[in-house]
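Undergrad: Structure in structure tokens, see below.
The values are calculated or read from the model by the stated rules, or taken from the named source; none is laboratory data. Since the structure is predicted, the reported quantities are computational estimates derived from the model, not experimental observations. FYI the Cβ positions are ideal-geometry reconstructions off the backbone, even for glycines, and counts take in every protein chain you see. Only protein heavy atoms, including side chains, enter the accessible area calculation; ligands, DNA and RNA are left aside. Shrake-Rupley method; radii C 1.70, N 1.55, O 1.52, S 1.80 Å.
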Amino acid sequence: MAEGGYKIDAPDQTERAPRRWGLKAAVLGVLLFLNVPVLIVFLYAFTTDDQAFTFPPPGLTGKWFEIAWDNQDVRDAVWLSFKVGIVATVAALVLGSLAAAAVARTRFFGRETISLLLVLPLALPGIVTGIALRSSINVLGIDFTFWTIVAGHATFCIVVVYNNVLARLRRTSGSIIEASMDLGATGWQTFRYVLLPNIGTALLAGGMLAFALSFDEVIVTRFTAGGSQRTAPLWIFDSIVNRPRNRPVTNVVAMAVVVVMMIPIFVAQRLTSDASLLGSPPTDDDDD
Amino acid sequence: MGDVARAAVEFIGVSRRFGSVRAVDAVDLEIVDGEFFSMLGPSGSGKTTCLRLIGGFERPSAGQILLYGADVSRIAPYDRDVNTVFQDYALFPHMTVLDNVGYGLKVRRVARAERTQRVDEALALVRLESFGARKPSQLSGGQRQRVALARALVNRPKVLLLDEPLGALDLKLRQEMQVELKRIQREVGITFIFVTHDQEEALTMSDRIAVFNAGRVEQVGAPADVYEHPSSEFVAGFVGISNVVNADAALSVVGSPEPFTVRPEKIVLRRYEGVTPPEVSQNDCSADGVVRDVVYLGAQTRYLVEADAGFDLVVVQQNQTVTGAGPTTIGRGCRVRAVWPSDANRDMTIKGDS
């Protein structure tokens, strides 16, 4: 901005100062509202009181971690969530980026419709997706297993990968692929040296988000899991409803879920914001 | 062109259709080894598609494309001995200038030592020796353009294709790069095929120009040929400005109803002094009229003259003397006689009357 513009702005800013304090307070309030309950869960993972939420906690102990760790149900549930997350993410990475490449790079009849249908599962209420999947799986006569959970999770995991990769492809000049071929690179070399470095962080970010989404999913999982299949979120849900005595253990598992999810989300965020350092022109819009 | 000259690229009845659109329509063309050849035309005239056909990004729907006598119509881009400078440069954003320029050598598995040496040479050729470590985002438009050029030339292609490479640059830089491109072409001595919609650019840089219109080649020739002897009304109008004198007007000017065109700079304006018309020699054409508009362009002044015979003439005069608002100045509303040598008239035999 020109220097003159700055001078005109300056008195304006001091006038706005009170309102900006109001804004800051509001932002702080919202952030506290969103995050303090999570901290409460963390706090009560350490309480000595095994039933009620008395405040402050009568005492602090680490024994619930030991109990949770020794609980085979908990271990199975977390391990199942982990497996489902990984498989659903891998499936989403392959299918989502292929779909993004098709939509970004070619023109065909129904392209916009396909784009909309791909994104729809993220917008649809989970309960609808869940009911729809359950009835379809029933109609097809397929047993509810690990793989039905993966399929259910893949529906929304694909969307985040697709969106991330599509946004990156759209701001990547299409002619760099032609330039690579022009300079003598084969299809594989073009993929390895040009395409992958340009969409790599988008793939990683999309994959991380997909894993995080899958890891804490309850509703769709509820409808697509077999009778013996219980992911970590399902286990937490059941415990709160059916076993109030286990509350601190539930809190421990909840804390574990949060920690496991935080890592990929944090990494994904770093990756998408670092993307500008990769040399894309500064005039372009940022990822979603 | 002489028969002894070797053809670098030949188009034999080449067509490229997209659905029902004929982007390139039965084009025959011969581009000679070592020349600077421009494909000039408005957007959608098929010039870029022709370039992409040579590069291998498009396949012809019909016809053959020969590269030094060999049919390359079905050969993939990476197996062709041509390189392209893209309109948006298409530099790899994640690589440094050195890696960008060395890319073609790397994927062709040229040994590292030779690679380094050739990359340095290419960067020296475009005068960017000290920019090797930068990323494309840290370069100006003109520098990116030079990197794109170096990246293509480092592979020593037989033919270099340039797709409106100067389009994104500002006027001053564009004129600099025009000179620079000519110098580089003379230095490396390879065939340059240059696509542009800028007629001035094509005229100043080319050995020969092909003028494209609606998927066809209207005319091929040296810049002076194309400018002075346009073979159609389209060429006359697209390459420079032409006054089109239609049949009725022609009857009053030259006495026969054949329409013709005449370039604005061939016409001289003479003021009526009182009622005596300025004299006109035997070999000149003339038309009387009134000046309707005067546009001062610095080096030239452009006049719009409405002729009594019912047509408009654009006239461009060099501003050779220091002019002010004197009695000899031709201003708006002046009665003038427009005079030009009759051999400046070009009849429009190909595209009929307007």
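Undergrad: Amide H of B:D284: which non-local residues (sequence gap of 5 or more, or other chain) have their own amide H closer than 5 Å, using H built in the peptide plane?
TA: It is B:S342, by chain and number.
Undergrad: Compute the semi-axes of the equivalent ellipsoid of region B:152-250, taking the square root of 5 times each eigenvalue of the Cα gyration tensor, and list them largest first in whole Å.
TA: So the three semi-axes of region B:152-250 are 30, 15, 11 Å.
Undergrad: Add +1 for every Lys or Arg and -1 for every Asp or Glu among the other residues with Cβ under 14 Å from the Cβ of A:R105, and state the total.
TA: Net charge in that neighbourhood comes out at +4.
Undergrad: Can you run phi through the Karplus equation (6.51, -1.76, 1.60; θ = phi - 60°) for region A:133-138 and list ³J(HN,Hα) in whole Hz, with x for Gly and Pro?
TA: For region A:133-138, the Karplus-derived couplings read 5, 4, 5, 5, 5, 4 Hz, x marking Gly and Pro.
Undergrad: Going by amide H atoms built from the backbone, whose H comes under 5 Å of the H on B:V85, apart from near neighbours?
TA: B:L161, B:L162, B:D163
Undergrad: What residue among B:R216, B:R16, B:R332 has the largest mean-square fluctuation in a Gaussian network model of chain B, using Cα springs under 10 Å?
TA: With Cα springs under 10 Å in chain B, the top fluctuation among B:R216, B:R16, B:R332 is at B:R332.
Undergrad: For a quick check of understanding: with a 1.4 angstrom probe and all protein chains in place, what accessible area in square angstrom does B:S43 have, to the nearest ten?
TA: Only protein atoms counted, so the area is about 110 Å².
Undergrad: Choose one answer from B:G63, B:G104, B:G255: the residue with the largest mean-square fluctuation in a GNM of chain B with alpha-carbon springs under 10 Å.
TA: Checking each option, the largest mean-square fluctuation is seen for B:G255.
Undergrad: How large, in percent, is the carbon and sulfur part of the accessible surface of chain B at a probe radius of 1.4 Å?
TA: Percent of accessible area from carbon and sulfur atoms in chain B: 48.
Undergrad: Expressed in nm to one decimal, what extension gain is obtained for the pair A:R170 and A:Q72 from 0.36 nm per residue of sequence separation less their Cα-Cα distance?
TA: Contour length minus the Cα-Cα distance gives 30.6 nm.
Undergrad: With viscosity set to 0.692 mPa s at 37 °C, what whole-number translational diffusion coefficient in µm²/s follows for chain A from Stokes-Einstein and a Kirkwood radius over Cα pairs? Kindly include the intermediate steps, with their values, before the conclusion.
TA: Numbers: Rh = 22.3 Å.
It comes out at roughly 147 µm²/s.
Undergrad: Between B:T191 and residues 5 or more places away or on another chain, which pairs have amide H atoms under 5 Å apart, with H built 1.01 Å from N, and which residues are they?
TA: Counting only residues 5 or more places away or on other chains, the set is B:G34, B:L160.
Undergrad: Could you give me D for the protein assembly as shown, from Stokes-Einstein at 10 °C and 1.306 mPa s, where the hydrodynamic radius is the Kirkwood radius over C-alpha pairs? Units µm² s⁻¹, please.
TA: In µm²/s, the coefficient rounds to 51.
Undergrad: Treat each spin label as a single point 7 Å out from the Cα along the C-beta direction, and report the B:D120 to B:A344 distance in nm.
TA: 5.6
Undergrad: Quick check: with the 1.4 Å probe, what order do B:L51, A:L120 take by accessible area, largest first?
TA: Reading off the accessible areas and sorting them downward yields A:L120, B:L51.
Undergrad: Same structure again: Please compute the modelled spin-label separation between A:I40 and B:D81, points set 7 Å along Cα→Cβ, answer in nm with one decimal.
TA: 7.8
Undergrad: Just counting partner chain Cβ atoms within 10 Å, what average do the residues of peptide A:91-102 show around their Cβ?
TA: The per-residue average across the peptide is 0.
Undergrad: Show me, for region A:214-230, the HN-Hα J-couplings you get by feeding each phi into the Karplus relation (A = 6.51, B = -1.76, C = 1.60, θ = phi - 60°), rounded to Hz, glycine and proline as x.
TA: Ordered by residue, 3J(HN,Hα) equals 5, 5, 10, 6, 10, 5, 4, 4, 3, 7, 10, 7, x, x, 8, 8, 9 Hz.
Undergrad: If you don't mind, another one. In region B:255-350, which GluC sites (Glu not before Pro) are in a loop and have at most 16 other Cβ atoms within 10 Å, using DSSP for the loop call?
TA: B:E279
Undergrad: Tell me, what is the FRET efficiency for B:R156 and A:I86 to the nearest 0.05, using R0 = 35 angstrom and their Cβ-Cβ distance as r?
TA: It comes to 0.15.
Undergrad: Within 10 Å of each Cβ in B:81-88, how many Cβ atoms from other chains are there, averaged over the peptide?
TA: Whole-number average of other-chain Cβ neighbours for B:81-88 is 3.
Undergrad: Something else: Can you figure out the FRET efficiency of A:K24 with A:V258, using R₀ = 35 Å and their beta-carbon distance, to the nearest 0.05?
TA: Computed FRET efficiency for A:K24 and A:V258: 0.85.
Undergrad: Find the centroid of the Cα atoms in region B:58-137 and in region A:209-267, then give the distance between the two in whole Å.
TA: 52
Undergrad: Right, another one. With an 8 Å cut-off on Cα pairs and a minimum separation of 6 or more residues, tell me the relative contact order of region A:64-276 in percent.
TA: Across region A:64-276, relative contact order equals 33 percent.
Undergrad: Determine the relative contact order of region B:7-238: mean sequence separation of Cα pairs under 8 Å and six or more apart, normalised by residue count, in whole percent.
TA: 28
Undergrad: Helix B:141-153 versus the longest principal axis of chain B: what is the Cα-based angle in degrees, 0 to 90, to the nearest 10?
TA: Value to nearest ten degrees: 60.
Undergrad: If you count only protein heavy atoms and use a 1.4 Å probe, how large is the accessible surface of B:C285, to the nearest 10 Å²?
TA: Approximately 10 Å² of B:C285 is accessible to the 1.4 Å probe.
Undergrad: So how much slack lies between B:D28 and B:K172, counting 0.36 nm per residue of separation and subtracting their Cα-Cα distance, in nm?
TA: So the extension gain works out to 48.3 nm.
Undergrad: Here is a follow-up. All other residues with a Cβ under 15 Å from the Cβ of B:Q318 taken together, and with Lys, Arg as +1 and Asp, Glu as -1, what is their net charge?
TA: Once positives and negatives cancel, what remains is +2.
Undergrad: Take the alpha-carbon positions of chain B, form their convex hull, and give its projected area averaged over all directions (one quarter of the hull surface) in nm².
TA: In nm², the orientation-averaged hull projection of chain B is 22.4.
Undergrad: Now for a separate question. Mind pulling up the Rg/Rh value for region B:221-354? Radius of gyration and Kirkwood radius, both on Cα.
TA: On the Cα set of region B:221-354, Rg over Rh gives 0.97.
Undergrad: Which of the trypsin sites (Lys or Arg not before Pro) found in region A:104-140 are loop residues per DSSP with 15 or fewer other Cβ atoms within 10 Å of their Cβ?
TA: Those satisfying the criteria are A:R107.
Undergrad: Please find the FRET efficiency linking A:I131 to B:F18, where r is the Cβ-Cβ separation and R0 is fixed at 56 Å, and quote it to the nearest 0.05.
TA: Working: r = 45 Å, r/R0 = 0.81.
My answer for the efficiency is 0.80.
Undergrad: If you don't mind, another one. At 222 nm, what helix-only mean residue ellipticity would chain A give, in deg cm²/dmol to the nearest 500, using -39500 (n - 2.57) for each DSSP H run of four or more?
TA: It comes out at -25500 deg cm²/dmol, rounded to the nearest 500.
Undergrad: I want the local charge near B:R144. Using Cβ-Cβ distances under 11 Å, sum +1 for each Lys or Arg and -1 for each Asp or Glu among the other residues.
TA: Residues close to B:R144 contribute a combined charge of +3.
Undergrad: Summarise the partner chain shielding of B:92-104 as one whole number: the mean count of Cβ atoms from other chains within 10 Å of each residue's Cβ.
TA: Mean number of neighbouring Cβ atoms from other chains: 4.
Undergrad: Using only the C-alpha atoms of region B:1-157, find the volume of their convex hull and express it per residue in Å³.
TA: Values: hull volume 22.5 nm³, N = 157.
Roughly 143 Å³ of hull volume per residue.
Undergrad: Could I ask something else about it? Note down the nm distance, to one decimal, between modelled labels 7 Å out along Cα→Cβ at B:E187 and at B:R127.
TA: About 0.9 nm, to one decimal.
Undergrad: Would you kindly derive the ³J(HN,Hα) couplings of region B:309-317 from the backbone phi angles with the Karplus curve 6.51 cos²θ - 1.76 cosθ + 1.60 (θ = phi - 60°), listing them in order in whole Hz, with x for Gly and Pro?
TA: 6, x, 9, 9, 10, 9, 10, 10, 10
Undergrad: So if I take the centroid of the Cα atoms in region B:171-225 and the same for region A:110-179, what is the distance between those two points in Å?
TA: Rounded to whole Å, the Cα centres lie 50 Å apart.
Undergrad: Now for a separate question. Can you give me the accessible area per residue for the protein assembly as shown, using a 1.4 Å probe, in Å²? Working shown, then result.
TA: Numbers: 32650 Å² over 642 residues.
The answer is 51 Å² per residue.
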